[in-house]
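The values are calculated or read from the model by the stated rules, or taken from the named source; none is laboratory data. The model shown is predicted, which means the values in this text are computed figures rather than measured ones. Note that we place each Cβ from the backbone using ideal geometry, even for glycine, and neighbour counts take in every protein chain shown.
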Amino acid sequence: EAERQALFARLKRLLKEKDAVLVAHYYTDDDLQQLADETGGCVSDSLEMARFGHDHPAGTIVVAGVRFMGETAKILNPEKRVLMPTLQAECSLDLSCPADRFSAFCDQYPDRTVVVYANTSAEVKARADWVVTSSIATKVVQHLHEKGEKIIWAPDRYLGDYVQKVTGADMVLWQGACIVHDEFKAAELRKLHEKHPGAAVLVHPESPADVIEQADVVGSTTQLINAVHNLPNETFIVATDRGIFYKMHEAAPDKKLIEAPTGGIGASCGSCAHCPWMAMNGLQNLADSLEQGTNEIHVDPEIGRQARVSVQRMIDFAA
Ligand code: CIZ
Ligand code: SF4
């Protein structure tokens, strides 16, 4: 604990010295979320992280999360330096969708509008017409559907399937999945809910359809945190990365939060739901990166410019 205190003090000094602001994703360790809160940084979802970094005056944005989040910050802030505690933190959705294969896939459907989830590389975002997050995916697709457009959706097949069901849009789906959310188990969830009949079930739409079916609320990280605060229930069963409990506890300290059951494959903490790549971020590698200026994110300027157009389209739509 004394060691942690010393590291916290050193990191606060370093952030000031280097004119840097820390943005941490909801799925990172409590330590990082706490440090971001204490230093005027931000804890949020991937897009809000990039927007916050944009509005903040600091010349360096340090992104605690996975690589596509660092890239998204760079896409929206090409003039700023973007650092990450590690460049090894991947995302199975991003990995499932290499730009060359995806581009060839899109070429097969030239009459379709290309909508991609934020969990993709800068190159894939550049190939797309729209980038969306889970909080706005349904609204954007509904809007396109009403205009008579047919859609290519990538990379998460569960989120795509959910959006398709809600909107009735004509969608061709890329077959990617998140290794964390893919592990939530419908039968076990049903049994757990029977034991806690008063609990509300909160599900992130990267989960399988039979898990989404049992949800009282399906939503993005921010929407699920708000649900804990806003719903009258005293107990919640939560199907998303357990990193989110830090903010849920803060939003509603008196409520009881239960982890939804998983198969646990790929998790960094046994059978719980925790992204192994998010878990690569820590106070120590954050300090190293800040001190030495290592792990800088670079995005080809032309790719960045094209990707910014599709991200900006969503931001303007949301406004
Ligand atoms: O599952 C993820 O990585 C999410 C929810 C990312 C995001 O948009 O914040
Ligand atoms: Fe990717 Fe899933 Fe990890 Fe999010 S939780 S970064 S979607 S692998």
Open item on the list: Tally up the residues in the range 119-139 that are of a type in the set (Gly, Ala, Ser), in a loop (DSSP other than H, G, I, E, B) and within 15 Å of ligand 1 (Cβ to nearest atom), please.
Closed with: 3
- [ ] Return the only residue of GLY148, GLY168, GLY160 being without any contact (Cβ under 8 Å) to a residue 60 or more places away in the chain and crowded, with 24+ Cβ neighbours inside 10 Å.
- [x] GLY160
Open item on the list: Here are the criteria: (1) surrounded by fewer than 17 Cβ atoms within 10 Å (Cβ to Cβ); (2) more than 16 Å from ligand 1 (Cβ to nearest atom). Tell me which single one CYS106 does not satisfy.
Closed with: (1)
Task: Candidates ALA177, ALA209, filtered to the one that is touching a residue at least 12 places away in the same chain (Cβ under 8 Å), surrounded by fewer than 22 Cβ atoms within 10 Å (Cβ to Cβ) and within 14 Å of ligand 2 (Cβ to nearest atom) - done: ALA177
Open item on the list: Can you tell me which of (1) away from ligand 2 (no atom under 16 Å from the Cβ); (2) out of contact with any Ser or Thr (no Cβ under 8 Å at 6 or more places or on another chain); (3) at pLDDT below 95; (4) not hydroxyl-bearing (Ser, Thr, Tyr) is the one MET314 doesn't meet?
Closed with: (2)
- [ ] Among the numbered conditions (1) farther than 12 Å from ALA209 by Cβ; (2) outside any loop (DSSP other than H, G, I, E, B); (3) in contact with a strand residue (DSSP E or B) (Cβ under 9 Å, 6 or more places away or on another chain), tell me where GLN142 comes up short.
- [x] (3)
TODO: Looking only at the range 14-28, decide whether some residue is modelled with pLDDT of 95 or more, small (Gly, Ala, Ser) and in a strand (DSSP E or B).
DONE: yes
Open item on the list: Could you go through the range 43-55 and let me know if any residue there is within 13 Å of ligand 2 (Cβ to nearest atom), under 20 Å from HIS298 (Cβ atoms) and surrounded by 24 or more Cβ atoms within 10 Å (Cβ to Cβ).
Closed with: yes
